[in-house]
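Peer 1: The structure is given below, and queries will be raised subsequently.
The values are calculated or read from the model by the stated rules, or taken from the named source; none is laboratory data. All of these numbers come straight from a predicted model, not from anything done at the bench. All Cβ positions, glycine included, derive from the backbone under ideal geometry; neighbour counts span all protein chains shown. These accessible areas exclude ligands, DNA and RNA; they are computed on the full protein's heavy atoms, side chains included. Shrake-Rupley method; radii C 1.70, N 1.55, O 1.52, S 1.80 Å.
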Amino acid sequence: MLTLELHAHTQASKDSLARPADILRVCAERGIDRIAITDHNSIRGALEAAAIEPGRVIVGEEVMTTQGELLAYFVVEELPAGLEPAEAIRRLRAQGAAISVAHPFDRHRGGAWREADLLAIAPLVDAIEVFNARCLHASDNERAQRFAQEHGLAITVGSDAHTLRELGRA
C-alpha cells in the first residue's frame, strides 16, 4: 500500500512558494510515498522534483481550459492554458496521461466547472477529484462525489497544497 498526494504545487505555480526539494523532504517526513506535482500550466516544478527523487514524483499539471481545470498525471509535455477541454484532453491522451477533473464544483474558484460542461467531458476523463482540502464548503466536494458515482468515474482526492503545511491533508 502506498500513500499518495495527488494535487500539490511548487513555486512554478504563481501562487506557491514551496520549493521542490522542501516538498520532497516533507513528503518523506510525513510518509507520503508518491506525490503528483500539478503546477498551474507548468511541469517545470514537477520535473525539478523528479530529478531529485524520480521514484517519488509523478509529473503532473493542472491545466486551465476554457471551461475549468483538469489534473493530468504522467505528463511528458506541458500544455498551455486556454485550450478547449476536448483539445486539452486529446493532447494529454496523446502523451499517455491520466486525467482527473480538479475541484469541479468549488463555488469560490475560477476553475470550477458548470455541470453541462462537465457532462460533456465525463466520457473523456478517468476520474473526478471528489475531495479537495481547499474547498471551503463540504457540499462542493459531496456534489463532486455524487457526480463521479452517477457517471461511473474513478475518484481522486488532493490537498491542493500551495504551502508545505498543507501537504498530505487529503
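Peer 1: Look at the stretch 20-30 and say how many of its residues are open to solvent by 10 Å² or more (accessible area, probe 1.4 Å) and either touching a residue at least 60 places away in the same chain (Cβ under 8 Å) or closer than 20 Å to Arg134 by Cβ (or both). Write out each step before concluding.
Peer 2: Taking the stretch 20-30 first, the residues open to solvent by 10 Å² or more (accessible area, probe 1.4 Å) are 21-22, 25, 28-30.
Filter once more, so that each one left must be either touching a residue at least 60 places away in the same chain (Cβ under 8 Å) or closer than 20 Å to Arg134 by Cβ (or both): 22, 30.
Matching residues across the stretch 20-30 total 2.
Peer 1: Name the one entry in Pro80, Pro104 that is open to solvent by less than 60 Å² (accessible area, probe 1.4 Å), farther than 27 Å from Arg25 by Cα and touching a residue at least 24 places away in the same chain (Cβ under 8 Å). Step through it out loud before you land on a result.
Peer 2: Details: Pro80 fails: open to solvent by less than 60 Å² (accessible area, probe 1.4 Å).
So the residue among Pro80, Pro104 that is open to solvent by less than 60 Å² (accessible area, probe 1.4 Å), farther than 27 Å from Arg25 by Cα and touching a residue at least 24 places away in the same chain (Cβ under 8 Å) is Pro104.
Peer 1: Still on this model: Determine which member of the set Glu84, Glu69 is more than 21 Å from Gln145 (Cβ to Cβ) and touching a strand residue (DSSP E or B) at 6+ places or on another chain (Cβ under 7 Å).
Peer 2: On the way: Glu69 fails: more than 21 Å from Gln145 (Cβ to Cβ).
When all the criteria are applied, what remains is Glu84.
Peer 1: Only one residue in Glu87, Glu61 is without any contact (Cβ under 8 Å) to a residue 24 or more places away in the chain and either under 22 Å from Leu2 (Cα atoms) or touching a Cys at 6+ places or on another chain (Cβ under 8 Å) (or both), so which one is that?
Peer 2: On the way: Glu87 fails: either under 22 Å from Leu2 (Cα atoms) or touching a Cys at 6+ places or on another chain (Cβ under 8 Å) (or both).
That would be Glu61, the only listed residue that is without any contact (Cβ under 8 Å) to a residue 24 or more places away in the chain and either under 22 Å from Leu2 (Cα atoms) or touching a Cys at 6+ places or on another chain (Cβ under 8 Å) (or both).
Peer 1: Tell me whether the stretch 107-114 contains one or more residues that are farther than 21 Å from Glu166 by Cβ, at pLDDT below 95 and open to solvent by 10 Å² or more (accessible area, probe 1.4 Å).
Peer 2: In the first step, residues of the stretch 107-114 are kept if they are farther than 21 Å from Glu166 by Cβ; the result is 113-114.
When the remaining residues are screened for being at pLDDT below 95, the result is 113-114.
Subset that is open to solvent by 10 Å² or more (accessible area, probe 1.4 Å): 113-114.
Within the stretch 107-114, one or more residues are farther than 21 Å from Glu166 by Cβ, at pLDDT below 95 and open to solvent by 10 Å² or more (accessible area, probe 1.4 Å).
Peer 1: Between Leu83, Leu79, Leu92, which is closer than 30 Å to Leu119 by Cα and touching a Ser or Thr at 6+ places or on another chain (Cβ under 6 Å)? Outline the logic, then answer.
Peer 2: Working: Leu79 fails: touching a Ser or Thr at 6+ places or on another chain (Cβ under 6 Å); Leu92 fails: touching a Ser or Thr at 6+ places or on another chain (Cβ under 6 Å).
Only one candidate qualifies: Leu83.
Peer 1: Can you tell me which residue among Ala50, Ala46, Ala72, Ala12 is in contact with a Lys or Arg (Cβ under 6 Å, 6 or more places away or on another chain), open to solvent by less than 70 Å² (accessible area, probe 1.4 Å) and over 13 Å from Leu164 (Cβ atoms)?
Peer 2: Values: Ala50 fails: in contact with a Lys or Arg (Cβ under 6 Å, 6 or more places away or on another chain); Ala46 fails: in contact with a Lys or Arg (Cβ under 6 Å, 6 or more places away or on another chain); Ala72 fails: in contact with a Lys or Arg (Cβ under 6 Å, 6 or more places away or on another chain).
Ala12 is the lone residue from the list that is in contact with a Lys or Arg (Cβ under 6 Å, 6 or more places away or on another chain), open to solvent by less than 70 Å² (accessible area, probe 1.4 Å) and over 13 Å from Leu164 (Cβ atoms).
Peer 1: Restricting to the stretch 53-64, give me the number of residues that are in contact with a Gly (Cβ under 9 Å, 6 or more places away or on another chain) and open to solvent by less than 10 Å² (accessible area, probe 1.4 Å).
Peer 2: Summing the residues that are in contact with a Gly (Cβ under 9 Å, 6 or more places away or on another chain) and open to solvent by less than 10 Å² (accessible area, probe 1.4 Å) in the stretch 53-64 gives 1.
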